[in-house]
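Take a look at the structure below.
The values are calculated or read from the model by the stated rules, or taken from the named source; none is laboratory data. Note that the coordinates shown come from a computational prediction; the quantities given were computed from them, not determined experimentally. Note that we place each Cβ from the backbone using ideal geometry, even for glycine, and neighbour counts take in every protein chain shown. Side chains are part of the model used for accessible areas, which takes the heavy atoms of the whole protein and leaves out ligands, DNA and RNA. Shrake-Rupley method; radii C 1.70, N 1.55, O 1.52, S 1.80 Å.
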Amino acid sequence: MSGPLIELLGDDALLLRFGDGIDGATNQRVHALALHLRRLAPAWLRDLVPAYASLGVFFDSAYMPGEDPREVIAQAVAGWSDPPSPLENAMPTLHEIPVCYGAGFGEDLAVAARELGLAEAELIARHSAPRYRVAMIGFAPGFPYLLGLDPALALPRLATPRARVPAGSVAVGGAQTGIYPHASPGGWRLLGRTPLVLFDARRDAPSLLLPGDEVRFVPIDAQAFAALAGAA
Amino acid sequence: MSRWEVLSPGVQTTVQDQGRTGWRHLGVARAGALDPSALALANRLVGNAESCAGLEIVLQGPRLRLPRPSLIALVGAHVQASWNDLPLPMGRPIHVPAGELKLGAVRDGARAWLAMTGGMDVAPTLGSRSTDLRGGFGGHEGRALRAGDLLPAGSAGAATAQPRFPTWWIDPDDPWTVDRHVLRYVPLHHAAASALGTQRWRVHPNSNRQGLRLDGAPLEAQDGSGISEPVAVGTLQLPPDGQPILLLADAQTVGGYPRLGHVIACDLGRAAQLRPGESVHFEPIDLRQARALALGYQHRLARLRLAIAQRL
């Protein structure tokens, strides 16, 4: 396979691009390369930001004096085997995320089910069936963009975004699904809510999920939600 | 420690340091001073480490009550600063007695940075004391200052009856590029990337620490937005309306708008000084020029550090 294209992102950042689409195979390559560079741990590396089909590489140019960052990073990428070896596809961490779907937790569930021509229970079953991959984290601290949504569950975004989406909302926007870590404005369709705290800047590991991790949604009822929310 | 009381907060006064690094993969913005070097030099003037936190003020600064004497310094655009109505100058260490420190209107720019001996000693979050306004964490309670706030402002300075300051000062403005209305950028291969440099833009009033929104004859934008990709501080984005956005320190970490290129890091401090309604021009340069300018900027900062060290 051909390696990634290298683009400038800033004085201290480059973008490695594998494509311009949203698909699992491309995203897998992004995470495999991120893992490769993380293990290589060159002194100049400051951060690796995986996205759907590209990887942001942030560096400290003081650690590559006199050299063109593009060449230094191209060299680091050259040592990577693509398609990735099994070792570079280390077993991702699987998170089971409890979700209370529907009334009082996911305001849009009933309307979404009607739009999709599904019973609510069917929509819940199909949304909680896949093992999703955290393709990237962005929009807000800790917000996971999840790959693997059943294409039949794609829903258009709201024409006018809500001023306030409750924290923990599990939502669908187009062909993507994700979780709002904090109360914020948002245009995705709300199916349910998790009592888990996805992001807390005061924790040692601030984000519950890391890019490349896997996620499965586990439907729970309002009682279980209250118990888990109380324990959190 | 000395608790400074906020009597009036100013337009948007925040605690900032050099920002957060290493957390962009979790969607955490850099935050930090919009001109990190200005704050770093202000810290040097009061004998702090450059990494100490200070206050970033914009357009109109706060009024503060200092319970004990302090050593302070202001760097950035000119601030009408005073202690108990005695005017205070820019760019030098100032011993101030206990009393009212008033940071008034900002002139010839939009922002300035105040350092105080010992720094603003709020608890660090994710390795930084900077305020992340969008994330609502860091700095003082994750927000801009309000009247009544009590700030943990470092250590007390030497006793003095009146403000005392030396006759010398530093001026971080580069004499060769005094025009703060010109920002240099490295264009990407987007059709509109070079067109950006062919006209004057106006700074839209909706600009903030996330981004400088530019207003002008719309550039030709492609339909719809692409898939989200990493962005950086300095990225120039082109939304479908053809009005570019220059991403600043609080910008989100990924974005779906096409990128036109990036403004070089040593010009971002000047971008921080643009006021709403002011005009700005973008000058395309190549990567070689960008690296030469970055090097020249580092040398200039090194000379300023040396000059400060020799005087203190």
>> Give me the percent relative contact order of the range B:156-312, please, defined on Cα pairs under 8 angstrom at least 6 residues apart.
In response: 30
> How large is ³J(HN,Hα) for each residue in the range B:240-256, as worked out from phi by the Karplus curve 6.51 cos²θ - 1.76 cosθ + 1.60 (θ = phi - 60°), to whole Hz, x for Gly and Pro?
Replying inline: x, 7, x, 9, x, 10, 9, 6, 10, 4, 8, 4, 5, 8, 10, x, x
>> Just to be sure I understand: of the beta bridges DSSP finds with both ends in chain A, what percent are antiparallel, rounded to 5?
In response: 85
> Karplus couplings for the range A:103-115 from phi (6.51 cos²θ - 1.76 cosθ + 1.60, θ = phi - 60°), rounded to Hz, Gly and Pro as x?
Replying inline: 2, x, 10, x, 4, 9, 4, 4, 5, 4, 4, 4, 4
>> Can you compute log10 of I(q)/I(0) for the range A:5-88 with the Debye formula, treating each Cα as one identical point scatterer, at q = 0.27 Å⁻¹?
In response: -1.50
>> Please compute the length gained on full extension between residue A:63 and residue A:223, using 0.36 nm multiplied by the number of residues separating them and subtracting their Cα-Cα distance.
In response: 52.2 nm
> Using all Cα-Cα distances in the range A:94-231, what percent lands in each 10 angstrom bin from 0 up to the longest?
Replying inline: 13, 48, 35, 4, 0
> Got a number for carbon plus sulfur as a percent of the range A:94-231's accessible area, 1.4 Å probe?
Replying inline: 57
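When every alpha-carbon pair in chain B is counted, what percent end up more than 30 Å apart?
On the way: 15784 of 48516 pairs.
Counting every Cα pair in chain B, those more than 30 Å apart make up 33 percent.
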> If one takes the accessible area of chain B alone plus chain A alone and subtracts that of the pair, with a 1.4 Å probe, what total in Å², rounded to the nearest 100, results?
Replying inline: 2800
> Using θ = phi - 60° and the Karplus form 6.51 cos²θ - 1.76 cosθ + 1.60, what ³J(HN,Hα) does each residue of the range B:38-50 get, whole Hz, x for Gly and Pro?
Replying inline: 4, 5, 4, 5, 4, 4, 4, 4, 9, x, 7, 5, 5
> Taking the Cα atoms of chain A alone, what are Rg (to one decimal) and Dmax (as a whole number) in Å?
Replying inline: 19.3, 63
>> If amide hydrogens are placed 1.01 Å from N in the peptide plane, which non-local residues have theirs closer than 5 Å to the one on residue B:4?
In response: B:151, B:153
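Rounded to the nearest whole Å², what accessible area per residue is found for the range A:5-88 with the 1.4 Å probe? Let's see the in-between values first.
Working: 3570 Å² over 84 residues.
Ligands and nucleic acids excluded, the figure is 42 Å² per residue.
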> Normalised by the number of residues in chain B, what is the relative contact order in percent for Cα pairs under 8 Å and 6+ residues apart?
Replying inline: 20
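Full extension from residue B:171 to residue B:107: what is 0.36 nm times the residue separation minus their Cα-Cα distance, to one decimal in nm? The partial results should precede the final answer.
Details: separation 64, 0.36 × 64 = 23.04 nm, distance 1.52 nm.
The residue B:171-residue B:107 span can extend by a further 21.5 nm.
Please give the FRET efficiency for residue A:20 paired with residue B:306, using the beta carbon to beta carbon distance and R0 = 41 Å, rounded to the nearest 0.05. Don't jump to the answer; show the numbers that get you there.
Numbers: r = 48 Å, r/R0 = 1.16.
E between residue A:20 and residue B:306, to the nearest 0.05, is 0.30.
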> Non-local amide H neighbours of residue A:46 (under 5 Å, H modeled in plane, Pro and chain starts lacking H): which ones?
Replying inline: A:58, A:59, A:60
> In percent, how large is the relative contact order of the range A:5-88, given Cα pairs closer than 8 Å and 6 or more residues apart?
Replying inline: 32
>> Which three extents, in angstrom, do the Cα atoms of the protein assembly as shown have along their principal axes, listed largest first?
In response: 77, 53, 46
> How many nm is it between the label spots at residue B:278 and residue A:216, if each spot is 7 Å from the Cα in line with the beta carbon?
Replying inline: 5.7
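For chain B, what is the calculated [θ] at 222 nm in deg cm²/dmol (nearest 500), taking -39500 (n - 2.57) for each run of four or more DSSP H residues and dividing by its residue count?
Working: 3 runs with 42 residues, N = 312.
Rounded to the nearest 500, it is -4500 deg cm²/dmol.
State whether the range A:96-164 is rounded, prolate or oblate according to the following rule on the C-alpha gyration tensor (a ≥ b ≥ c being the square roots of its eigenvalues): a/c under 1.5 gives rounded; otherwise a/b larger than b/c gives prolate, and the remaining case gives oblate. The partial results should precede the final answer.
Working: a/c = 1.57, a/b = 1.19, b/c = 1.32.
Here the range A:96-164 falls in the oblate category.
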> Hey, rough spin-label estimate for residue B:222 and residue B:82, points 7 angstrom out along Cα→Cβ, what's it come to in nanometres?
Replying inline: 5.6
